[in-house]
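Asks: The structure is given below, and queries will be raised subsequently.
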Amino acid sequence: MTREEIVRVFDRRHDAVARRDVDALAADHATDSVLESPMAGGTVNGREAIARIYRGLFAGFPDVAVDWSDLVIDGDRVVEMGTMSGTDTGGFMGLPPTGRRFCIPIALIFTFKDGQIAHERRVYDFTGMLVQIGLLKTKPA
């Protein structure tokens, strides 16, 4: 893929997130794509499993938004960085919604093969997110 083609993929993905279009997001992944994410509980395999992760994100945090800051492209490897925020109004991890907001920096690391995402690794402060939305308590310092 050319740099311009990859940029178009990410422009399309940003629009799909804004529209909560799980099918469009999942379609960018190869049928045997691998996703590593704390929110997924580790590693999931396949487009359908990845679609379930997107559905869970949008169900738990209907107002989720990402402010993308950087897109680094090196051949078939891409790193996208930004800040993700949202409110736990839909319930998360099978628990009732807390109504609390979170805001965390994220880095998404992609490998493309044959024009599709073959592997994605999501790196973010999952513990910090859980603390912010009130699902995890911390001791005072």
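The values are calculated or read from the model by the stated rules, or taken from the named source; none is laboratory data. Every value quoted in this text rests on a predicted model; they were computed, and no experiment measured them. Here the Cβ positions follow ideal geometry from the backbone for every residue, glycine too, while neighbour counts run over all protein chains shown.
Asks: Taking Gly128, is it out of contact with any strand residue (DSSP E or B) (no Cβ under 8 Å at 6 or more places or on another chain) and in contact (Cβ under 8 Å) with a residue 24 or more places away in the chain?
Replies: Judged against the criteria, Gly128 is not a match.
Asks: Still on this structure, please answer the following. Could you list, in sequence order, the residues of the stretch 94-123 that are at pLDDT below 95 and either in a strand (DSSP E or B) or among the β-branched types (Val, Ile, Thr) (or both)?
Replies: Result: Leu95, single match.
Asks: Can you tell me which residue is farthest from Val9 (Cα to Cα) among those in the stretch 82-98 that are surrounded by fewer than 17 Cβ atoms within 10 Å (Cβ to Cβ) and of a type in the set (A, V, I, L, M, F, W, C)?
Replies: Residue satisfying both the conditions and the ranking: Leu95.
Asks: Let me ask something additional. Please go through (1) among the small types (Gly, Ala, Ser); (2) under 18 Å from Gly115 (Cβ atoms); (3) assigned to a helix (DSSP H, G or I) for Ser33 and return the number of the only condition it doesn't satisfy.
Replies: It is condition (3) that Ser33 fails.
Asks: Name every residue in the stretch 99-141 that is more than 18 Å from Ile50 (Cβ to Cβ), among the polar types (S, T, N, Q) and crowded, with 16+ Cβ neighbours inside 10 Å, in order of residue number.
Replies: Hit for the stretch 99-141 is Gln132, nothing else.
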